[in-house]
Amino acid sequence: MPTPHRSPRPPHPRTAPPQRLPARRPGAKTARPAGRNGKRKPPPRWGMRIVTGLSVLVLGAGGIGHAVVSGLETGIDRVDPFKDMKNRPAGGHGMNFLLVGTDSRDKITPADRKKYKLGGAPCHCTDTLMLVHVSADKQRASVVSLPRDSYAELPEHTDGTTGKQHAAHPVKLNAAYAEGGPHLTVRTVEQMTGVKIDHYLEVDFTSFMKTVDTLGGVEICTAKPLKDTYTGLDLTAGTHKLDGGQALQYVRSRHLDGAADLGRMQRQQRFMAALIKQTTSSGVLMNPVKFQEVASSMLRSVRADKGFGTEQMLELGKAMRGFTPSSSEFASVPLEEEGVQVKGIGSTVKWDAEKSGKMFRALREDRPLAPHVTKQPRATLVDVAPEQIRVQVYNGTSKDGLGQDVDEALRSTGFRTTRAPLGGGAGELERTLVSYDPRWDRSAKSLATALPGCELRAVKGQGGTMKVTAGSDFTKVQRVKAEDPQRGEFGTVTGDQVVCP
């Protein structure tokens with residue numbers, strides 16, 4: 001019986017560009033750029049850094065000409081996270097970026113802060129870290145989220161501000177930035193993953209809303225209503241073109257269901273895939289004017305290593321021009337089932353040593369994380385996966401074989417039919433009928449989506465099996481698929497699995 005569904009991216013040689021700003025001490029907290037009022041920018045909220053970081057890769061290099069990209073590159077703030085680093089992992093194939101997010105809202109107007117609920121005290125640590133691998137053949141980008149609360153052991157280091165020596169000690173991963181800035185963050189991630197970081201990108205998200213608006217919005221689909229009073233997100237089920245403010249709410253929301261951060265991460269993956277689809281299909285990368293308008297709004301908020309210059313951006317651009325949502329794959333580090341309480345630190349999550357080791361080995365060897373999936377026909381999103389819905393089909397007409405046709409059509413789109421359709425009794429049913437137990441109403445609605453025009457009828461006590469009585473109006477079964485796709489070995493999905501049909 002089904003479970004009840006009740007209502008409730010070889011490293012390119014670095015070419016250091018002319019420096020416009022004085023060099024900063026690696027890890028110094030004072031390295032954070034100041035706002036207009038001279039105060040430090042506070043670091044950002046988890047929701048936006050993932051999206052903007054990948055946007056830099058997609059939009060920061062459009063392959064549209066050296067002059068345009070050079071002009072953009074000179075506007076990037078610089079940091080040197082690799083200075084004097086020793087005993088680093090061996091370089092692999094492809095190119096690896098570490099995307100680091102901090103929480104800055106100083107350029108967001110008071111009205112927008114209130115409207116999109118962006119108040120609250122900022123932290124002084126990274127809120128999001130992501131490892132992005134661009135394959136050597138430039139045909140694939142693998143994005144791995146490194147949970148902020150991951151148990152980590154910082155290597156011994158010198159505080160960039162005070163000069164104080166620190167012995168190795170356990171922390172949550174996001175604290176590496178607070179103690180030693182970009183330099184210590186890169187060291188810690190390399191130590192934990194065994195993956196050599198080629199480039200470092202640090203982003204804030206004050207320009208995020210403007211960027212989305214400049215793109216003309218991003219399309220998101222949801223099979224059920226999404227409402228979060230903490231962020232103000234309020235979307236009905238269906239397809240929505242999100243403007244900048246709504247996109248901000250969508251990727252920040254974590255109080256929509258019991259999935260919390262996992263659910264939020266999955267929604268961020270959907271948004272990133274949708275962003276790639278929008279930028280690669282809308283002509284932005286081939287339109288110098290539009291490209292410069294969009295990319296410059298983001299790159300003003302980026303800090304990058306000195307080696308990430310014009311040539312690297314152009315190289316990436318050649319790859320990104322051929323990208324589609326299916327070129328990207330998204331995953332999170334596999335975790336042990338239970339969190340780890342650490343005295344003085346609190347609750348942490350610990351990486352599954354065997355699975356995470358296998359994942360990072362795949363990145364070093366330039367292998368995909370997601371299994372090859374044959375391209376599927378377009379399908380409508382539903383709340384409950386067809387594979388979880390059991391169906392008994394009846395023929396409600398005098399037409400021979402109709403019941404068998406309906407059973408086979410439903411089974412071909414994933415429904416668990418009995419493979420033994422029955423007669424529907426005397427008479428000629430004009431409209432296909434779906435009867436269901438009210439306790440399984442979500443399953444019934446998903447089934448009804450596959451049978452356009454059918455009638456839904458609640459029958460108390462019927463149980464978990466849906467009954468479909470085929471009427472003379474039956475013409476076809478509409479393909480449907482679950483909103484949360486089947487994930488590979490590392491919980492990986494490809495972008496085409498999560499964008500709107």
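In table form, for the structure just shown:
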item: Every residue from the stretch 136-162 that is under 18 Å from Thr185 (Cβ atoms), open to solvent by less than 10 Å² (accessible area, probe 1.4 Å) and not hydrophobic (A, V, I, L, M, F, W, C); result: Ser145, Ser150
item: Filter pass, Ser301 being modelled with pLDDT under 70 and in contact with a Phe, Trp or Tyr (Cβ under 8 Å, 6 or more places away or on another chain); result: yes
item: Meets criteria (among the β-branched types (Val, Ile, Thr) and either at pLDDT 90 or above or touching a His at 6+ places or on another chain (Cβ under 6 Å) (or both)) for Val393; result: yes
item: The lone exception for Gln269 - which of (1) under 17 Å from Thr211 (Cα atoms); (2) modelled with pLDDT of 70 or more it fails; result: (1)
item: Residue in the stretch 242-251 that is at pLDDT 80 or above, of a type in the set (Ser, Thr, Tyr), surrounded by 20 or more Cβ atoms within 10 Å (Cβ to Cβ) and within 22 Å of Thr494 (Cα to Cα) present; result: yes
item: Criterion violated by Pro147 - all others in (1) modelled with pLDDT of 90 or more; (2) closer than 30 Å to Leu233 by Cα satisfied; result: (1)
item: Long-range neighbours under 7 Å by Cβ, at least six apart or interchain, first residue under 12 Å from Ala470 (Cα atoms) within the stretch 403-427, second of a type in the set (Ser, Thr, Tyr) and open to solvent by 40 Å² or more (accessible area, probe 1.4 Å); result: Gly403/Tyr394; Pro421/Tyr394; Leu422/Tyr394; Gly423/Tyr394; Gly424/Tyr394
item: Any chance Gly403 is in contact with a strand residue (DSSP E or B) (Cβ under 8 Å, 6 or more places away or on another chain) and at pLDDT 90 or above; result: yes
item: Selection count where residues are over 26 Å from Val171 (Cα atoms) and within 12 Å of the chain's Cα centre (by Cα), scope the stretch 127-152; result: 1
item: Flag if Thr449 is under 20 Å from Lys224 (Cα atoms) and in contact with a Leu (Cβ under 9 Å, 6 or more places away or on another chain); result: yes
item: Strands (runs of 3 or more DSSP E) lying entirely in the stretch 163-232 (those with 2 or more residues that are open to solvent by 10 Å² or more (accessible area, probe 1.4 Å)); result: 169-172, 218-222, 226-228
item: Selection within the stretch 340-367 - within 24 Å of Val171 (Cα to Cα), open to solvent by 40 Å² or more (accessible area, probe 1.4 Å) and assigned to a loop (DSSP other than H, G, I, E, B); result: Lys343, Gly344, Ile345, Lys350
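Residue by residue, here is whether (1) over 23 Å from Thr380 (Cα atoms); (2) surrounded by fewer than 18 Cβ atoms within 10 Å (Cβ to Cβ); (3) modelled with pLDDT of 95 or more holds:
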| site | (1), (2), (3) |
| --- | --- |
| Gly423 | yes, yes, no |
| Ala426 | yes, yes, no |
| Thr432 | no, no, yes |
| Ala448 | no, no, yes |
| Leu456 | no, yes, yes |
| Lys467 | no, no, yes |
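The values are calculated or read from the model by the stated rules, or taken from the named source; none is laboratory data. Here the structure is a predicted model, which means the values were calculated and not measured. Please note: Cβ atoms are built from the backbone with ideal geometry, for glycine as well, and neighbour counts cover all protein chains shown. The accessibility values were calculated without ligands, DNA or RNA, using every heavy atom of the protein model including side chains. Shrake-Rupley method; radii C 1.70, N 1.55, O 1.52, S 1.80 Å.
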